[in-house]
Ligand SMILES: *Cc1c(COP(=O)(O)O)cnc(C)c1O
């Protein structure tokens, strides 16, 4: 058996290799001494994220933020960026979703067994919450790339015997519970995470906070650096994901003092985290040298919210290999060899013959339809224009915008038939989000003789790969400026699926009207009232569907093939996480 040297990626025979070390309870083999030392002593980036989406079986993510963290890890492993990721084990996941015939979401715990996928690390550490010492142990998951790169992912877990029952539950539910529960989780993630990395003796050069949930790590770093904020700033990078003030993670100082007591001086907290309440975004912002938003538009919104701070933009991307379906991978391998490691090459999509592209698309569409039939017993028609909409069910995403004028929708469907596939979970406390699901089910009934509509339960990474490759058009209708980035449309583009979206987040950068897809509503710099916005959006939504998208799909297949090609060559080549991570390395990490 041959394994790979985790430092240089070269194959080594474990039987013959003289260079092996046991770290974190695992044996690694190297081709020479230099690689072994390089691996052991390499300065690493510690990437902190409350949620990480590695695969569907590890349900420790709720949506785009976690999937982005997963794609960050996947690309880092391929590119051999020396990263170690830290997150919570979330033993009961986010939620498992079932939907009744009437459209009511029933959520239940999504329990999983960490020992099936990972090994327990020898170290454990303690954090103080409410005057009690709480033990934290850690699980190690190793993400291995085919290039030989490895990214360790550390999952923090408080479910150990010596902890009180209440404390054992801290790492149960992702985004579950009240404010106090959340703050406890953030103490475990930020402060516990730093302590675990210390216990593992890693040489950490930069701490990257993926959203503000892990900002408390800066307090522990302050303490370790003689309360010198400049020293801490030198070690920290922060990516904000929230575009509006109301959505920032904030805690009252009463709650903070109740849980943290006087672990860290209150004056320090207020100086860096805000006078009235502890604002996690502000804390990270004040103690990070590098701060970035996730698209250019999001950088601009953030800059307005925080005048005086320097905020740059690193536009998100998706991990090309995972988000390209098997049929398109085969095509790219044949015509664009090397694409998976260098997705920029997708710009050279033109040599792929139209008929091969279309066949690959139909195979992906067929797979999706078989999956829908299996799950819902609803039969979809492969020849019909199919529109997909899947993401977290929450109000600003406006999943029901397409149904605003049912008469118009019915009329359009007579000119050229459409089918719709939806998916998405609502947070258990998000009544508006649950209502959206209920409304889609109502429309399903109202339209059942005319438009086939499928709602897939329990949206996850597996379903997302099928959906973003198997529909013809990917619809996104967020209310600006709430979509900081959005990434599912980038996944669609990797599979030649056309984007039809509101101009917010990444689509402002991705959309070339009529070339890479179509926009809905006014451009982002136009100042416009709510009512007028809605009118313009509905007008685009229905008119472009009726007069551009449907006729092109049904009557101008050559033009449609050009559009599919553009989606790959003008979107996927750029909106991928390899490009994103190369930028993090040169702009945030080095
Ligand atoms: C990509 C992805 C998302 C993010 O979708 P957006 O439309 O960008 O919000 C959410 N959930 C899952 C499972 C995904 O794969």
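The values are calculated or read from the model by the stated rules, or taken from the named source; none is laboratory data. Keep in mind that this is a model prediction, so the values were computed, not measured. Cβ sites come from the backbone with ideal geometry, for glycine too, and all protein chains shown count toward neighbours.
Which condition number in (1) under 24 Å from residue 174 (Cβ atoms); (2) free of Cβ contacts under 8 Å to residues at least 24 places away in the same chain; (3) part of a helix (DSSP H, G or I) is the one that residue 437 fails?
(2)
Under the condition of being within 16 Å of residue 505 (Cα to Cα) and within 20 Å of the chain's Cα centre (by Cα), which residue from segment 302-332 is farthest from the ligand (Cβ to nearest atom)?
Restricting to residues being within 16 Å of residue 505 (Cα to Cα) and within 20 Å of the chain's Cα centre (by Cα), the top hit is 312.
State whether one or more residues within segment 385-396 are more than 16 Å from the ligand (Cβ to nearest atom), assigned to a strand (DSSP E or B), in contact with a helix residue (DSSP H, G or I) (Cβ under 8 Å, 6 or more places away or on another chain) and touching a residue at least 24 places away in the same chain (Cβ under 8 Å).
Scanning segment 385-396 turns up at least one residue that is more than 16 Å from the ligand (Cβ to nearest atom), assigned to a strand (DSSP E or B), in contact with a helix residue (DSSP H, G or I) (Cβ under 8 Å, 6 or more places away or on another chain) and touching a residue at least 24 places away in the same chain (Cβ under 8 Å).
If you check every pair at least six apart or on different chains, which have Cβ atoms under 7 Å apart with a residue in segment 62-84 that is within 9 Å of residue 149 (Cα to Cα) and assigned by TED's automatic domain parsing to the domain that holds residue 108 first and a residue that is near the ligand (Cβ under 9 Å from one of its atoms) and at pLDDT 95 or above second?
Hits for this filter: zero, empty list.
Yes/no matrix, rows are residues, columns are (1) in the same structural domain as residue 301 (by TED's automatic domain parsing); (2) over 25 Å from residue 578 (Cα atoms); (3) more than 15 Å from the ligand (Cβ to nearest atom); (4) surrounded by fewer than 22 Cβ atoms within 10 Å (Cβ to Cβ):
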{"site": "509", "(1), (2), (3), (4)": "no, no, no, yes"}
{"site": "513", "(1), (2), (3), (4)": "no, yes, yes, yes"}
{"site": "517", "(1), (2), (3), (4)": "no, no, no, no"}
{"site": "520", "(1), (2), (3), (4)": "no, yes, no, no"}
{"site": "526", "(1), (2), (3), (4)": "no, yes, yes, yes"}
{"site": "536", "(1), (2), (3), (4)": "no, yes, yes, yes"}
{"site": "539", "(1), (2), (3), (4)": "no, yes, yes, yes"}
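Pick out the one residue from 7, 48, 30 that is in contact with a strand residue (DSSP E or B) (Cβ under 7 Å, 6 or more places away or on another chain) and in the same structural domain as residue 114 (by TED's automatic domain parsing).
Sole residue among the options that is in contact with a strand residue (DSSP E or B) (Cβ under 7 Å, 6 or more places away or on another chain) and in the same structural domain as residue 114 (by TED's automatic domain parsing): 48.
If you go through segment 136-153 one residue at a time, do you hit one that is surrounded by 24 or more Cβ atoms within 10 Å (Cβ to Cβ) and over 22 Å from the mean Cα position of the chain (by Cα)?
Checking segment 136-153: at least one residue is surrounded by 24 or more Cβ atoms within 10 Å (Cβ to Cβ) and over 22 Å from the mean Cα position of the chain (by Cα).
Does residue 103 count as assigned by TED's automatic domain parsing to the domain that holds residue 172, at positive phi, more than 16 Å from the ligand (Cβ to nearest atom) and assigned to a loop (DSSP other than H, G, I, E, B)?
Against the criterion (assigned by TED's automatic domain parsing to the domain that holds residue 172, at positive phi, more than 16 Å from the ligand (Cβ to nearest atom) and assigned to a loop (DSSP other than H, G, I, E, B)), residue 103 qualifies.
Could you tell me whether residue 249 is in contact with a helix residue (DSSP H, G or I) (Cβ under 7 Å, 6 or more places away or on another chain) and closer than 29 Å to residue 470 by Cα?
So residue 249 does not fit the description; no.
Return only the number of the condition from (1) over 25 Å from residue 361 (Cβ atoms); (2) out of contact with any helix residue (DSSP H, G or I) (no Cβ under 7 Å at 6 or more places or on another chain); (3) within 16 Å of the ligand (Cβ to nearest atom) that residue 444 does not satisfy.
(3)
If the requirement is being crowded, with 23+ Cβ neighbours inside 10 Å, assigned by TED's automatic domain parsing to the domain that holds residue 57 and more than 30 Å from residue 586 (Cβ to Cβ), which of these qualifies: 90, 108, 123?
After ruling out the rest, the residue left standing is 90.
Out of the residues in segment 203-230 that are surrounded by fewer than 21 Cβ atoms within 10 Å (Cβ to Cβ) and touching a strand residue (DSSP E or B) at 6+ places or on another chain (Cβ under 7 Å), state the one that is nearest to residue 193 (Cα to Cα).
Filtering first and then ranking leaves 204.
Going through segment 371-384 one residue at a time, which ones are within 14 Å of residue 459 (Cβ to Cβ) and either modelled with pLDDT under 95 or away from the ligand (no atom under 16 Å from the Cβ) (or both)?
Residues satisfying the conditions are 372, 376.
Collect the residues in segment 282-304 that are outside any helix (DSSP H, G or I) and closer than 18 Å to residue 47 by Cβ, keeping them in residue-number order.
Matches in segment 282-304: 287, 288, 289, 290, 291, 292, 293, 294.
On the basis of being at negative phi, at pLDDT 95 or above, crowded, with 24+ Cβ neighbours inside 10 Å and within 13 Å of the ligand (Cβ to nearest atom), does residue 68 make the cut?
yes
Among the residues that make up segment 84-98, is at least one of them away from the ligand (no atom under 16 Å from the Cβ), out of contact with any helix residue (DSSP H, G or I) (no Cβ under 9 Å at 6 or more places or on another chain) and more than 29 Å from residue 486 (Cβ to Cβ)?
no
Inspect segment 416-430 for any residue being part of a helix (DSSP H, G or I) and away from the ligand (no atom under 16 Å from the Cβ) and give the result as yes or no.
no
Mind listing whichever residues of segment 154-169 are surrounded by 15 or more Cβ atoms within 10 Å (Cβ to Cβ), assigned to a loop (DSSP other than H, G, I, E, B) and without any contact (Cβ under 8 Å) to a residue 40 or more places away in the chain?
Of everything in segment 154-169, those that are surrounded by 15 or more Cβ atoms within 10 Å (Cβ to Cβ), assigned to a loop (DSSP other than H, G, I, E, B) and without any contact (Cβ under 8 Å) to a residue 40 or more places away in the chain turn out to be 158, 163, 169.
Which residues, taken from segment 450-489, are more than 23 Å from residue 418 (Cβ to Cβ), within 8 Å of the ligand (Cβ to nearest atom) and outside any loop (DSSP other than H, G, I, E, B)?
Within segment 450-489, just 461 meets the criteria.
Checking residue 194 against (1) assigned to a helix (DSSP H, G or I); (2) touching a helix residue (DSSP H, G or I) at 6+ places or on another chain (Cβ under 6 Å); (3) modelled with pLDDT under 95, only one condition comes out false. Which one?
Evaluating residue 194 over (1) assigned to a helix (DSSP H, G or I); (2) touching a helix residue (DSSP H, G or I) at 6+ places or on another chain (Cβ under 6 Å); (3) modelled with pLDDT under 95 leaves (3) as the failure.
Can you find a residue in segment 219-226 that is assigned to a helix (DSSP H, G or I), over 30 Å from residue 165 (Cα atoms) and modelled with pLDDT of 95 or more?
Checked segment 219-226: at least one residue is assigned to a helix (DSSP H, G or I), over 30 Å from residue 165 (Cα atoms) and modelled with pLDDT of 95 or more.
Can you tell me which of (1) closer than 26 Å to residue 242 by Cβ; (2) crowded, with 19+ Cβ neighbours inside 10 Å; (3) away from the ligand (no atom under 16 Å from the Cβ) is the one residue 413 doesn't meet?
That leaves (1) as the condition not met.
Would a scan of segment 125-143 turn up a residue that is farther than 19 Å from residue 169 by Cβ and assigned to a loop (DSSP other than H, G, I, E, B)?
No, the conditions are met nowhere in segment 125-143.
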